[in-house]
1. Out of all the residues in segment 25-83, which are under 16 Å from the mean Cα position of the chain (by Cα), assigned to a loop (DSSP other than H, G, I, E, B) and among the hydrophobic types (A, V, I, L, M, F, W, C)?
2. Go through (1) farther than 22 Å from VAL248 by Cα; (2) exposed (fewer than 15 other Cβ atoms within 10 Å of the Cβ); (3) not hydrophobic (A, V, I, L, M, F, W, C) one by one and return the number of the condition THR60 breaks.
3. Since MET38 meets every condition but one in (1) among the hydrophobic types (A, V, I, L, M, F, W, C); (2) in contact (Cβ under 8 Å) with a residue 60 or more places away in the chain; (3) farther than 16 Å from GLU122 by Cβ, which condition does it not meet?
4. Among (1) more than 16 Å from SER48 (Cβ to Cβ); (2) surrounded by fewer than 17 Cβ atoms within 10 Å (Cβ to Cβ); (3) touching a Ser or Thr at 6+ places or on another chain (Cβ under 7 Å), which single condition is GLU191 missing?
5. Considering each of PRO99, PRO87 in turn, give the residue that is crowded, with 23+ Cβ neighbours inside 10 Å and touching a helix residue (DSSP H, G or I) at 6+ places or on another chain (Cβ under 9 Å).
6. Provide a single number: the residues in segment 1-24 that are at pLDDT below 55 and part of a strand (DSSP E or B).
7. Specify which of the listed residues (GLY179, GLY244, GLY204, GLY240) is on the phi > 0 side of the Ramachandran plot and either out of contact with any helix residue (DSSP H, G or I) (no Cβ under 8 Å at 6 or more places or on another chain) or crowded, with 21+ Cβ neighbours inside 10 Å (or both).
Amino acid sequence: MARNQVTKKKSLSQNGNLKIEVFEELEYVWVPKGSFWMGAPEGDKVASESENPRHKVRLTKGFWMTRGPVTVEAYRRFCKAIHKELPEYAGFEQGNDHPVSKVNWTDAAAYCEWVGGRLPTEAEWEYAARAGEDGNNYPWGDRISHLKANYYGKGQAWKGTSPVGSFPANAYGLYDMAGNLWEWCADWYEENYYSKSPKSDPDGPKEKTNARVIRGGSWGSSSRFLRVSTRARVGPQIRGSLQGFRCVREDGAATEVKPTRTRRRNAGW
């Protein structure tokens with residue numbers, strides 16, 4: 001289903017180390033290869049068993065990751081191009097710059113394939129969210145507030161999703177790695193996977209289970225579920241108002257031309 005040619009607008013380098021490319025009018029940030037400690041940091045008293053044992057993981061290749069979750073506007077272009085029905089109403093208004101919801105795992109994987117990419121593995125997702133800060137509970141540190149993310153509780157500014165990029169990016173330049181929507185990962189979910197996962201480039205259980213991994217928490221989650229190490233699962237057929245996704249791409253290097261900005265509109269579906 002991949003497109004023969006992806007609309008590619010050129011890239012920009014910011015602050016000497018942030019590389020961005022634009023595909024289908026969404027920004028992708030370069031995440032370099034490296035190693036990190038995956039799982040709950042020592043002393044995390046709310047971690048579930050599935051987040052342990054903490055273990056060292058090596059990613060042998062860098063990748064491009066969408067700077068934020070795939071938006072309503074981007075997903076609408078995909079639906080129009082392949083003559084696919086739009087997602088159902090989420091139960092709240094979503095502008096074009098909000099992350100798309102009500103998409104199941106297959107929908108998300110199909111979009112990523114269409115732009116020449118794929119869903120991130122669970123290890124890639126956590127590595128990108130941590131952005132070099134292995135000991136943190138959240139992408140930015142150990143304390144959380146509604147100035148950092150969209151999640152449930154007193155002080156929440158939105159009744160549903162918030163526009164992508166409403167909160168500060170992490171050290172890799174990625175938005176909404178905590179809150180707004182849970183994000184589909186490529187992996188099948190297995191609670192005890194960490195006890196046997198490979199040390200390099202883990203991509204989940206080899207045998208099919210009844211659920212896929214989701215990460216990051218959502219607008220409907222309490223703060224504990226926004227922790228970087230939190231693992232959750234959902235049946236791949238579920239189209240919920242709490243799940244969205246982002247994509248990764250493995251190809252190409254950036255050239256230094258500023259990307260075109262897309263005008264934001266606030267219409268719903």
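The values are calculated or read from the model by the stated rules, or taken from the named source; none is laboratory data. None of these values were measured; they are calculated from a predicted model. Please note: Cβ atoms are built from the backbone with ideal geometry, for glycine as well, and neighbour counts cover all protein chains shown.
1. VAL70
2. (1)
3. Unmet condition: (3).
4. All conditions pass for GLU191, except number (1).
5. Within the list PRO99, PRO87, the selection yields PRO99.
6. Number of matching residues: 7.
7. The conditions single out GLY179.
For (1) modelled with pLDDT of 95 or more; (2) more than 24 Å from LYS45 (Cβ to Cβ), each residue gets a yes or a no:
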| position | (1), (2) |
| --- | --- |
| ASP134 | no, no |
| GLY141 | no, no |
| HIS146 | yes, no |
| TRP158 | yes, yes |
| TYR172 | yes, yes |
| TYR175 | yes, yes |
| GLU191 | yes, no |
| ASN210 | yes, yes |
